[in-house]
Amino acid sequence: MARINLLPWREERRRQLTQEFIRQAALAAVLAGAAGAYAWYHATGLLEAQEARNAYLEDQIAVLSEEIREIEEIEAKREELISRMEIVQDLQRRRPQAVHLFDQIAEHLPDGVHLAALWQSDDDLTVQGWAESNARVSAYMRNLDSSDWLTEPRIEVIETDDDDRVSSFTLHLAQTMPGDEEDNGDGGDR
């Protein structure tokens, strides 16, 4: 039988398979590198896009924060103006009160009672005077109690001199504002 040496053919085949394997491995490495590069590029793009959105949101938050601060300043100014307006309105409402006060004190003053001093602290009044008798002081207190502008008369001191002819007194009152019709200057209790 003839001896045929198949070793070179097997070697050639083995060399071809090795080269094919190296080519496929290189192709796989290139494809894997390309896929990795694409994944890295895509992830980097997504990250940059998200960072751009975050920067935009931070800028908008800063703008809104500034607008909120301005709104709070405007609201504070508004509250201050409303407070001032309320003070002015209260002063306007109370403007006729002094006239009514003196009118009511004089109108309800009975004969034989004389006033010496009058003090006012907010809506509290203190009246000092003298009367020909204690009964006239009581009549004055009843008259003041019927007033719409003066309430809660209470006597603090009543002293009679040695002759029992003159009584000096100290009287406390509260000044009030009657209903809206008097606030508008429609005349009070006249």
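Calculate how steeply helix 97-107 sits against the longest principal axis of the alpha-carbon atoms of the chain, using the helix alpha-carbon long axis, and give the answer as 0 to 90 degrees to the nearest 10.
Orientation of helix 97-107: about 20 degrees from the principal axis.
Relative contact order for region 96-183: what is it in percent, counting Cα pairs under 8 Å that are at least 6 residues apart?
30 percent
Spin-label point model (7 Å from Cα, Cβ direction): what's the GLU107 to VAL63 distance in nm?
Using points 7 Å along Cα→Cβ, the separation is 6.5 nm.
Taking neighbour Cβ counts within 10 Å as the exposure measure, how do SER65, SER133, SER121 sort from fewest upward?
Arranged by neighbour count, lowest to highest, SER65, SER133, SER121 become SER121, SER65, SER133.
Using Cα atoms only, what is the angle between the long axis of helix 7-94 and the major principal axis of the chain, expressed in degrees (0 to 90) to the nearest 10?
Taking the Cα atoms of the chain, the angle to 7-94 is about 10 degrees.
At 7 Å along the Cα-to-beta-carbon direction for both LEU46 and ALA28, put a label point, then send me their distance in nm to one decimal.
2.6 nm
With a sphere of radius 13 Å drawn around the Cβ of VAL63, what net charge do the other residues whose Cβ falls strictly inside it have (Lys, Arg +1; Asp, Glu -1)?
-4
Calculate the all-directions average of the projected area of the chain's alpha-carbon convex hull, and give it in nm².
26.2 nm²
Using only the alpha-carbon atoms, how far is helix 134-145 inclined from the longest principal axis of the chain? Give it as 0 to 90 degrees, nearest 10.
Helix 134-145 and the main axis of the chain meet at about 40 degrees.
Take every Cα pair under 8 Å in the chain that's 6+ residues apart, average their separations, divide by the length, and report that relative contact order as a whole percent.
14 percent
Gap in Å between the Cα centre of region 141-176 and the Cα centre of region 44-113?
Comparing the Cα centres of region 44-113 and region 141-176, I get a distance of 43 Å.
What is the calculated FRET efficiency for GLN16 to ALA37, with r their C-beta to C-beta distance and R₀ = 25 Å, to the nearest 0.05?
The calculated FRET efficiency here is 0.20.
Provide the net charge surrounding ILE155, with neighbours chosen by a C-beta distance below 13 Å and charges set as Lys +1, Arg +1, Asp -1, Glu -1.
Residues near ILE155 contribute -1 overall.
May I ask you to work out the translational diffusion coefficient for region 96-183 at 20 °C, viscosity 1.002 mPa s, via Stokes-Einstein with Rh from the Kirkwood sum over Cα pairs, reported in whole µm²/s?
162 µm²/s
Which order results if ASP103, ASP90, ASP122 are arranged by neighbouring Cβ count within 10 Å, fewest first?
ASP122, ASP90, ASP103
Kindly state, as a whole number, the per residue volume in cubic angstrom of the convex hull around the alpha carbon atoms of region 7-94.
55 Å³
Grab the Cα-Cα distance for THR160 and SER138, subtract it from 0.36 nm times how many residues apart they are, and report the gain in nm with one decimal.
6.5 nm
Read-outs: derived from the displayed coordinates by stated rules, not from any lab. Small disclaimer: the values here were computed from a predicted structure and weren't measured. No Cβ is skipped: glycine too gets one built from the backbone with ideal geometry, and neighbour counts run over all protein chains shown.
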